[in-house]
Amino acid sequence: MRESPSGLFRPWLHSYEEDHEDVRVYRPEDFPFPPARGRRGMEFAPDGTFVDHPLGRGDAPGAVPGRWRLVPGRRIALTFGGARPDRELEIVRCDAEVLQVRRLT
C-alpha cells in the first residue's frame, strides 16, 4: 500500500461486538453502537499524527499521542515516543463505514 486509504482520516471507535478471529473492527463515531461501559478508539490524521484512545479511569477514554506511517504490505507502524510500546497494524479493510485491522506487534 503506497497511499493511505481515504476513509482512514477520522476518529474510529472499537466495535468489539464485531471482532472476529484476530481482526479488530472499528466504526465511525456516529455509528449506532449498542450500549457499552466505554469504547477504545483511535484517530489518524493526514499529517502523520495519531491518537490512541484507551479506556481510562471510570471507563472514560484517554488520549495517547503518537505518529503513524505506512509500511509495505498494507501495514501501519505506530510509534509513541516511549509513552507506550510501538506497534504495527495490518489494514484488512478500510472505507467510510468500517476499519478492520489485525494487530501484528
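Test G82 against the stated conditions and say whether it is open to solvent by 50 Å² or more (accessible area, probe 1.4 Å), out of contact with any helix residue (DSSP H, G or I) (no Cβ under 6 Å at 6 or more places or on another chain) and not in a strand (DSSP E or B). It is true that G82 is open to solvent by 50 Å² or more (accessible area, probe 1.4 Å), out of contact with any helix residue (DSSP H, G or I) (no Cβ under 6 Å at 6 or more places or on another chain) and not in a strand (DSSP E or B).
Beta carbons closer than 9 Å, at least 6 apart along the sequence or on distinct chains, pair a first residue in the range 59-74 that is modelled with pLDDT of 90 or more and open to solvent by less than 40 Å² (accessible area, probe 1.4 Å) with a second that is of a type in the set (A, V, I, L, M, F, W, C) and in a loop (DSSP other than H, G, I, E, B) for V64/F80; V64/A83; G66/F80; G66/A83; W68/A45; V71/M1. Scanning the range 85-94 for residues that are closer than 13 Å to F50 by Cα and open to solvent by 70 Å² or more (accessible area, probe 1.4 Å) yields a single hit, D86. Which residues, counting only those in the range 30-58, are open to solvent by 80 Å² or more (accessible area, probe 1.4 Å), in a loop (DSSP other than H, G, I, E, B) and not acidic (D, E)? Matches in the range 30-58: P32, P35, R37, R40, P46.
Of all residues assigned to the range 3-23, none qualifies as being in contact with a helix residue (DSSP H, G or I) (Cβ under 9 Å, 6 or more places away or on another chain) and in a strand (DSSP E or B). Only a single criterion out of (1) basic (K, R); (2) in a strand (DSSP E or B); (3) without any contact (Cβ under 8 Å) to a residue 60 or more places away in the chain is not satisfied by R27, namely (3).
The values are calculated or read from the model by the stated rules, or taken from the named source; none is laboratory data. Please read these numbers as outputs of a predicted model, since none were measured by experiment. All Cβ positions, glycine included, derive from the backbone under ideal geometry; neighbour counts span all protein chains shown. Heads up: the accessible areas ignore ligands, DNA and RNA and are worked out on the full protein's heavy atoms, side chains in. Shrake-Rupley method; radii C 1.70, N 1.55, O 1.52, S 1.80 Å.
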